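Structure record follows, encoded as structure tokens.
The values are calculated or read from the model by the stated rules, or taken from the named source; none is laboratory data. What you see is a predicted model; the values in this text were computed from it and never measured. Using ideal geometry, Cβ is built from the backbone for each residue, glycine included, and neighbour counts are taken over all protein chains shown. For the accessible areas, the whole protein counts, side chains as well, though only heavy atoms, and no ligand, DNA or RNA atoms are used. Shrake-Rupley method; radii C 1.70, N 1.55, O 1.52, S 1.80 Å.
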Amino acid sequence: MKLAIATLLVGCAAAFAPAQTGKVSTSLNVNELELGATEPLGVFDPLGWMTTQPENFERRRAVERKHGRIAMMAVVGNIVHNNHIVFDGYISPSNNLKFSDIPTGIDGIFAVPTWGLAQIIFFCGFVELTWLPASQYDGDYGIGYFGGDIFNPEEKARKLNAEINNGRAAMMGIIGNMVAEKITGQTMYEQYAAGHFNPFSDGEGALFN
């Protein structure tokens, strides 16, 4: 969870990197305008930016894609940590702090020692600058799909479309989870264990105290 949040912070900073202009396409030979255009909304552009600021579309799509990837990792990390799956040993031997001592949920980030957070941020920044640069708008870093390439254009478009939409769902999911934690005062695990799925109707949330 803590790594996912720190990565999310670095990814947000990357969103403000200098913009570059270019064609609305990717090295994967898929039209970016067709990705994420899901029914019933289709191409959702309520502010008309695609018409008034077409030169910024490619960067905004790249930011959406990267933040979606980060959010998907955050959701998985949150689920794993909330199920108390952690590394063995100490996160900080000098502070006698074990990985298992880090609380689950959003508050866990505040239990990580300062130098631990600095190492996480430094590592994420190093990856951002050297391996997965924000300036590479197509999002294709040569990793492939589970180590392999997809040569069928229709299959490639379907998987890229799924990535965009799953990333959008993950961004909503991780934000919703953090908001729910603050409203209910319970982590995801605690909410599930208590059957506390809706703070607005079961009388257990902060709104009913």
Where a ≥ b ≥ c are root eigenvalues of the Cα gyration tensor, a/c under 1.5 meaning rounded, otherwise prolate if a/b exceeds b/c and oblate otherwise, the range 41-146 counts as prolate
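Could you give the length gained by full extension between Ile183 and Leu117, i.e. 0.36 nm per residue of separation minus their alpha carbon distance, to one decimal place? Intermediate values should be presented prior to the final figure.
Values: separation 66, 0.36 × 66 = 23.76 nm, distance 2.59 nm.
Going from the current span to full extension adds 21.2 nm.
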Check Ser92: other-chain or 5+ apart residues with amide H under 5 Å from its amide H, H built from backbone geometry? Leu97
I'd like to know how the range 85-131 sits against the 2.2 N^0.38 Å rule of thumb: what's its Cα Rg over that expected value? 1.27
Quick one: if you stick a label point 7 Å off each Cα along the C-beta vector at Arg158 and Met50, how many nm between them? 2.3 nm
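With the Cα gyration tensor of the range 92-161 in hand, give its eigenvalues times 5 under a square root as the equivalent ellipsoid semi-axes, listed largest first in whole angstrom.
Working: eigenvalues 271, 50, 23 Å².
Calculated on Cα positions only, the semi-axes equal 37, 16, 11 Å.
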Packing rank of 178-189, 109-120, 36-47, 68-79, where each peptide gets the mean count of other beta carbons within 10 Å, highest leading: 68-79, 178-189, 109-120, 36-47
What percentages, rounded to whole numbers, describe P(r) for the range 35-85 computed over all alpha carbon pairs with 10 Å bin width beginning at zero? 21, 36, 24, 15, 4
Which value, in Å², gives the accessible area per residue of the range 53-137 when a 1.4 Å probe is used on the protein heavy atoms? 59 Å²
